[in-house]
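Input: a single structure, listed below in structure tokens.
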Amino acid sequence: MDWKAIYDSRKCTAKEAVNKIHSGDTVVLAHAVAEPPLLVEAMVANKEAYKNVTVSHMVTLGKGEYSLPENKEHFTFRGWFTSATTRKSLEQGHGQFVPVFFHEIPGMIRKGIFKVDVFMVMVSPPDENGFCSVGVSSDYTMQAMKSAKIVLAEVNDQVPVVYGDTFVHVNQIDAFVESSHPLPEIGVPKIGEVETAIGKNCASLVEDGSTLQLGIGAIPDAVLSQLKDKKHLGIHSEMISDGVVDLYEAGVVDCSQKSIDNGKMTVTFLMGTKRLYDFCNKNPMVEMKPVDYVNHPSIVAQSSKLVCINACLEVDFMGQVVSDAIGIRQFSGVGGQVDFVRGAAMSLDGMAKAIIAMPSTASMKDGSKVSKIVPYIAHGAAVTTSRHDVDYIVTEYGIAQMKGKSLQERARALIEIAHPDFREELGKEFEKRFHVEF
Ligand code: COA
């Protein structure tokens, strides 16, 4: 059958599409910007038709209504990451969190450890050969498409066509719901004095010709803003945001020195503004690939002069990094942080640097500040990057390199880059712990 006939025969309303979901199913949503809002809204509106539907995904930028307590008879959120709208369900006891490295998700789907009865995704309209682009997110999308019993797609004409492993033929999709709406946008966060100082410290570790990985949050963007005088930078990063477009347009990013995927920015998902999505649209410079390639430590290790920059919530005296939990509160997930930290440690050229960057303090709701460098991690928190894996910690006060240092030396180096208001108190804790003068 010609692809147009397949497409037309499977075109339907969102309500008709979500009628393909059944009680007891596991519904996996595509990641971040690729989540299809019309299908998710229709699924929630159709809730009376379901009991015990499990909803799984990584980051969501959506409303997360399936995770509300009033919907718990119909849906259980089982997240591989938690976001602003889904986090509460864990605290209320009806949501579940599953720790998993980002690069492992396609394999877990392939092996059936992560079940996918229904996969819901947003794609571009089909091209002249009947192929849709998953555009903003190849990560686990490509495997979920293959493993799902049913694939439901929202066909949004504002989804960019991005080259790489991103194309699916219409015959791989069971229902098409047409839409036209702007994609969710994550603007460049406010970069103040603290972020600028952190950015400068990180930039001092980036040499010309380096390949960059950038994590999620304000800090990676602050770092990008400080790289304008570098040359021949490359990108091999699970995500990119608008800051990378600035550096490309300034001629700083050209990917000419990359040891793998030379001449291309290698990414697995996009999260930025329309400017980023337009930049990536049909741009041969951008190559999007699944996360079990981009984030696999053995692939990361092949990147030359790699510099990975990720953020965290707290670091203890031993250099244990907590990035996804605040005490027992599950705040996010490991994402790709450890994929890149480990890949950097295995780097074939031995030149990689894995940076964990953070402001020295965090602001609490009552206006007080706490030090993010602490003697002990908060009760109930989980270590994201272990003391064996950690490499550089950066704050606005400097750089503390951890590898090769003893526990005492690590603690001293970290206190030196803590906020001055907390250094005395941290020094006393140092003396209690190590029984030597600070
Ligand atoms: N103690 C208590 N609360 C803290 C804290 C600490 N030590 N450090 C931060 N917080 C609070 C902040 O006050 C803020 O609270 P709010 O939501 O009420 O404003 C919240 O935690 C988030 O902190 P913020 O610094 O604004 O986070 P961010 O948006 O820059 O993201 C991470 C930082 C660490 C949460 C994020 O990078 C992450 O999830 N990392 C893990 C995954 C990862 O690195 N993946 C790689 C790329 S995807």
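The values are calculated or read from the model by the stated rules, or taken from the named source; none is laboratory data. For clarity, every value in this text was computed on a predicted model and none was experimentally measured. Because the Cβ atoms are built from the backbone with ideal geometry, glycine has one as well, and the counts that use them run over all protein chains shown. Heads up: the accessible areas ignore ligands, DNA and RNA and are worked out on the full protein's heavy atoms, side chains in. Shrake-Rupley method; radii C 1.70, N 1.55, O 1.52, S 1.80 Å.
Data table
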{"quantity": "Reachable aspartates and glutamates, given that their alpha-carbon falls under 20 Å from the alpha-carbon of Lys369 and they are not under 8 places away in the same chain", "calculated": "Glu193, Glu195, Glu314, Asp316, Asp324, Glu396, Glu416, Asp421, Glu424, Glu425, Glu429"}
{"quantity": "Asp165 paired with Ala5, simple spin-label distance in nm, labels 7 Å along Cα-to-beta-carbon", "calculated": "3.3"}
{"quantity": "Given charges at beta-carbon only (K, R positive; D, E negative), |dipole| of the chain in Debye", "calculated": "760"}
{"quantity": "Segment 22-115: GluC sites (Glu not before Pro) falling in loop per DSSP and having at most 16 other Cβ within 10 Å", "calculated": "Glu73"}
{"quantity": "Listed residue pairs exceeding 28 Å between alpha carbons, taken from Lys72/Lys289; Lys190/Lys405; Lys200/Lys372; Lys274/Lys353", "calculated": "Lys72/Lys289; Lys190/Lys405; Lys274/Lys353"}
{"quantity": "Mean ellipticity per residue at 222 nm, deg cm²/dmol - from DSSP H runs of n ≥ 4 across the chain, formula -39500 (n - 2.57)", "calculated": "-7000 deg cm²/dmol"}
{"quantity": "Rounded tilt (10° steps) of 407-416 against the dominant C-alpha axis of the chain", "calculated": "90"}
{"quantity": "Carbon and sulfur %, accessible surface of segment 193-434 computed with the full protein complex present, 1.4 Å", "calculated": "51"}
{"quantity": "At R0 = 51 Å, FRET efficiency that the Cβ-Cβ distance of Thr13 and Arg387 yields, to 0.05", "calculated": "0.45"}
{"quantity": "Accessible surface of Ile113 - all protein chains present, 1.4 Å probe, nearest 10 Å²", "calculated": "100"}
{"quantity": "Efficiency of FRET between Asn129 and Ser23 - r from beta-carbon atoms, R0 30 angstrom, step 0.05", "calculated": "0.20"}
{"quantity": "Gaussian network model of the chain, springs between alpha carbon atoms under 10 Å - residue of His181, His236, His94 with greatest fluctuation", "calculated": "His181"}
{"quantity": "Spin-label model distance (nm) - Ser298 vs Glu70, 7 Å beyond Cα toward Cβ", "calculated": "5.0"}
{"quantity": "Scattering curve values for segment 1-95, log₁₀ I(q)/I(0), Debye with Cα scatterers, q = 0.11, 0.22 Å⁻¹", "calculated": "-0.33, -1.09"}
{"quantity": "Sites Ala84 and Lys231 - FRET efficiency at Förster radius 30 Å, r taken between beta-carbons, to 0.05", "calculated": "0.20"}
{"quantity": "Stretch gain in nm, segment Ser368-Lys149, where the contour uses 0.36 nm per residue and the Cα spacing is subtracted", "calculated": "73.8 nm"}
{"quantity": "log10 of Debye I(q)/I(0), alpha-carbon scatterers only, for the chain at 0.08 Å⁻¹", "calculated": "-0.46"}
{"quantity": "Gain upon complete extension [Glu178, Ala45; 0.36 nm per residue less C-alpha separation]", "calculated": "46.1 nm"}
{"quantity": "For segment 193-434, share of DSSP beta bridges that run antiparallel, in % to the nearest 5", "calculated": "35"}
{"quantity": "Dipole-positive endmost among Ile309, Cys255, Val294 within segment 221-320 (Cβ charges, Cα centre)", "calculated": "Cys255"}
{"quantity": "Cα-based equivalent ellipsoid of segment 356-438: semi-axis lengths in Å, sorted from largest, via gyration tensor", "calculated": "19, 16, 14"}
{"quantity": "DSSP-defined antiparallel bridges as percent of all bridges, the chain, nearest 5", "calculated": "25"}
{"quantity": "Cα-projected label distance for Phe438 with Lys274, points at 7 Å along beta-carbon direction, nm", "calculated": "5.2"}
{"quantity": "Accessible area of the chain divided out per residue, in Å², using a probe of 1.4 angstrom", "calculated": "40"}
{"quantity": "For segment 83-181: Kirkwood Rh in Å [reciprocal of mean 1/r, alpha carbons]", "calculated": "14.8"}
{"quantity": "Segment Ile328-Glu91, extension gain: residue separation times 0.36 nm, minus the distance between their alpha carbons", "calculated": "84.4 nm"}
{"quantity": "Members of Lys88/Lys403; Lys11/Lys51; Lys231/Lys403; Lys51/Lys111 lying beyond 30 Å, as alpha-carbon distances in this model show", "calculated": "Lys88/Lys403"}
